[in-house]
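Below: one structure, written as structure tokens.
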Amino acid sequence: MTTLGLDEAKRRKAPRRGQSTPNPDGYLPELHGQRVSDWQGQDIPERGWIADDWIPRHQVTLLMGDSGIGKTTVALQLGAAVVLGERWLGAETTRSPVLAVLCEDEPDENMRRMRDVAALYGVQFEDLADFEIIVPEDDDDQCEDTSLMAFDQYTGEGNTSMYYFRILRRAQKIKAQLIILDTLADFFSGNENVRRHVFQFMTLAKRLARAIDGAVVICGHPSRAGLLQGTGESGSTHWKARARSFLHLERAKDEDGEPSTTHRILTRLKSNYAPSGESIRLGWQRGAYVPEGGGMDFVDRLDANARRRAVEEAFLQALATILGRGYEPSHRIEARSLYAPKLAADLPEMRAYGVREIEAAMRSLMASGELVLGETAGPPSRRKKIIVPKGYADGARASGSDPTDTFEQSAQGGSDTPTDTTNR
């Protein structure tokens with residue numbers, strides 16, 4: 001290796017990544033750093049998470065596991081939890097829209113899985129409007145190329161694909177802060193044993209996470225050795241090295257030591273920002289996975305159920321107050337100041353409860369039919385959907401019209417189709 005003098009080095013252009021010979025007609029770019037002393041007195045930003053301790057913001061998380069182990073289901077549960085602002089396997093999440101690109105199953109199977117995931121959280125499909133799923137085209141004539149990067153067979157240089165930019169543009173359009181890619185083999189077209197290929201791909205995936213100010217979760221399959229050793233790894237060690245969070249899903253053992261058909265173990269094998277080695281035992285419950293025992297004993301669960309019911313009853317009373325004051329409460333967060341949980345949280349009698357608790361109460365009451373959708377009165381073009389207790393019939397419009405005007409309540413089953421009950 002030849003060492004250049006500073007003057008000669010300045011006359012040469014810095015080499016591109018992978019090049020060993022500088023361009024003699026260039027120059028030596030200056031490196032710029034930051035003094036640690038410059039941070040004195042500055043506020044230190046908190047580390048961001050999409051799911052506390054498990055899914056770090058601005059980073060790539062690998063979720064590895066054998067075929068058919070349940071990775072897609074666990075990933076879809078994560079997506080639903082983030083959209084709803086609910087816990088994921090016990091971890092607090094940051095609420096945001098979600099984009100999932102699922103390459104393994106057909107749309108009908110995704111629909112069946114999401115039905116079970118929605119039931120787990122006590123919601124309906126319409127409550128998951130911010131969860132978007134893309135299924136790439138796959139027919140007998142042509143299979144859509146979903147590779148995020150193409151690699152030169154001679155130099156090993158990776159070039160960003162058009163599909164990467166399509167995913168990025170869609171995620172930015174719906175303001176998703178979580179992208180789920182299932183599976184790794186559909187998005188990585190390089191050699192998993194070549195460090196340089198892995199390094200470039202994982203760097204690109206990290207760039208995607210930063211571009212959406214969120215996180216990227218990629219589901220993948222371990223090698224045979226990774227399965228036997230329980231490491232979840234496949235190919236180059238750079239997969240685990242470049243991921244800031246590396247998760248492994250495997251079958252739990254039954255009492256007789258045999259692999260369980262209904263229970264799984266999710267382990268955080270590596271994390272740069274949280275303790276590694278933490279595991280969660282998961283049980284199969286009506287098409288989804290739930291933490292076994294939920295981290296509570298029987299008395300704790302009774303207390304939690306009592307509090308949930310107290311929030312639900314308080315929300316029903318608060319909603320009656322809100323309607324009585326002439327507001328038009330909505331079950332959709334896009335309604336902003338008229339979002340029902342926000343209106344309720346501003347009432348003095350609801351200050352003991354958090355917005356997330358109130359949101360969960362609203363979803364539970366809608367699922368049970370105690371809350372239904374109605375419409376304000378007036379011309380069809382000006383009617384608005386509002387959320388009301390079942391049987392309520394005195395919701396005055398908040399737009400300043402005659403307070404004797406009443407909204408038109410949906411059918412008893414909570415249908416979106418209004419029933420005209422107003423005499424004109």
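Rule-based calculations on the coordinates, nothing more; no lab input. A quick note: this is a predicted structure, and the numbers were derived from the prediction, not measured. Backbone-built Cβ (ideal geometry, glycine too); neighbour counts: all protein chains shown.
What to note about this one:
- Gyration tensor (alpha-carbon) shape descriptor, region 147-204, a/c threshold 1.5: prolate
- Placing pseudo-labels 7 Å out from each Cα toward the beta carbon at Glu258 and Ile44 gives an inter-label distance of 5.2 nm.
- Extension gain, Ile333 to Arg170: 0.36 nm times the residue separation minus the Cα-Cα distance gives 56.6 nm.
- For region 205-213, backbone phi angles converted through the Karplus equation (6.51, -1.76, 1.60; θ = phi - 60°) give residue-by-residue couplings of 5, 5, 4, 5, 4, 6, 5, 9, 6 Hz, Gly and Pro being listed as x.
- Note on Arg195 and Glu292: the model spin-label points, each 7 Å out from Cα along the C-beta direction, lie 3.9 nm apart.
- Protection proxy ranking of 74-82, 61-69, 268-276, by the mean of other Cβ atoms within 10 Å over each peptide's residues and highest first, is 74-82, 61-69, 268-276.
- Nonlocal Lys pairs with alpha-carbon distance under 20 Å, region 49-295 (8 or more apart, or different chains): 8
- The protection proxy used here, the mean number of other Cβ atoms lying within 10 Å of each residue, ranks peptides 93-104, 38-49, 184-195 as follows, highest first: 93-104, 184-195, 38-49.
- For the pair Glu370 and Thr321, a Förster radius of 22 Å applied to the C-beta separation gives a FRET efficiency near 0.85, rounded to the nearest 0.05.
- Residues with amide H under 5 Å from that of Met64, placed H, sequence gap 5 or more: Gly220, Leu247, His248, Leu249
- Contour excess over end-to-end distance, with Cα ends at Val36 and Ser381 and 0.36 nm allotted per residue: 118.2 nm
- Global form of region 106-208, assessed from the alpha-carbon gyration tensor, a/c cut-off 1.5: prolate
- Whole-angstrom Cα spans of region 49-295 along principal axes, big to small: 53, 42, 40
- One chain, two ends: Glu137 and Ala185. Fully extended at 0.36 nm per residue, the span grows by 15.7 nm beyond their Cα-Cα distance.
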